[in-house]
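Worksheet: the structure to be examined is printed underneath.
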Amino acid sequence: MHTPHIAAAFRAGSRFFAIVLATLTGFSGMTAASASSGSGRSASTHLKVTGRLVPGACTVHLAGSGMVSYGDIPRKNVPDDEPLKLGVRSVQFTVTCEDPMIIKVTARDEKSGTAVLGLVPGEDDLAFGLGSVNDSNIGQFRIQSVPGTFFGQDAEGQTAPVDILYAYADRPSWGRSDNPYFWSSGETRLSFASPGRLEPGAYRSVTGTFQIETYINRRARLPGGSLPLAGLATVEIFY
């Protein structure tokens, strides 16, 4: 009962196979003929896929727009024979990044050449200028990053204390500093790491405190009249 059905199916399959085979054979022959005739032409162009993955940006902020004011200082308060150290001022420092970044910080004196040297013996590299009047320099100020005040937020959003690392611009190695002042030339860098580590870590944000120490030259070496304090430093971050 079932034999004619099987035979019919086989014949149908054979006929279909024969048609397909003939079609493919005919197409192959046409292609070979075209190629061998030399009449075919071709052209080509390139498809390029380009782009670049870039890290997110960071911003830096100093509280109070980075303004440190001592107001009016009575001239009589300045000793004749030694410099006057003004009160220490604190400025909050914050860096915020879109992605976790290794953050490096420098400070550079924008009144270079106006610092009175020797007011803090042996530490002239740390002296930022306060400007000059009638070619006479007024004093100096120094910027310290205060250990124990810095905190970093990591990639998971966890905030914890960080150590301050210190390095010279021309050296690849980092060290820990308990007294991290900026060089006024911009030749030193600060960075941040988990406590006990000596390699900078990547953070979404870092906050801490800068202290500003300001010294006025001895009165006998100051010009007369009203003397403005006009110190200016650029705090710059790299990431």
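Could you check segment 110-136 and list, in sequence order, the residues that are in a strand (DSSP E or B), in contact with a Gly (Cβ under 8 Å, 6 or more places away or on another chain) and open to solvent by 20 Å² or more (accessible area, probe 1.4 Å)?
V133
Which residues, counting only those in segment 148-159, are open to solvent by 60 Å² or more (accessible area, probe 1.4 Å) and part of a loop (DSSP other than H, G, I, E, B)? Break it down stepwise before answering.
Residues of segment 148-159 open to solvent by 60 Å² or more (accessible area, probe 1.4 Å): 148, 151, 156, 158-159.
Residues satisfying the conditions are G148, E156, Q158.
G231: in contact (Cβ under 8 Å) with a residue 24 or more places away in the chain, out of contact with any helix residue (DSSP H, G or I) (no Cβ under 9 Å at 6 or more places or on another chain), more than 14 Å from L165 (Cα to Cα) and open to solvent by less than 50 Å² (accessible area, probe 1.4 Å), yes or no?
Yes, satisfied.
Working only within segment 81-95, note down all residues that are open to solvent by 80 Å² or more (accessible area, probe 1.4 Å) and not in a strand (DSSP E or B).
Residues satisfying the conditions are D81, E82.
The values are calculated or read from the model by the stated rules, or taken from the named source; none is laboratory data. Fair warning: this is a prediction, and the values are worked out from it, not measured in the lab. Note that we place each Cβ from the backbone using ideal geometry, even for glycine, and neighbour counts take in every protein chain shown. What goes into the accessible areas is simple: the full protein's heavy atoms, side chains included, and nothing from ligands, DNA or RNA. Shrake-Rupley method; radii C 1.70, N 1.55, O 1.52, S 1.80 Å.
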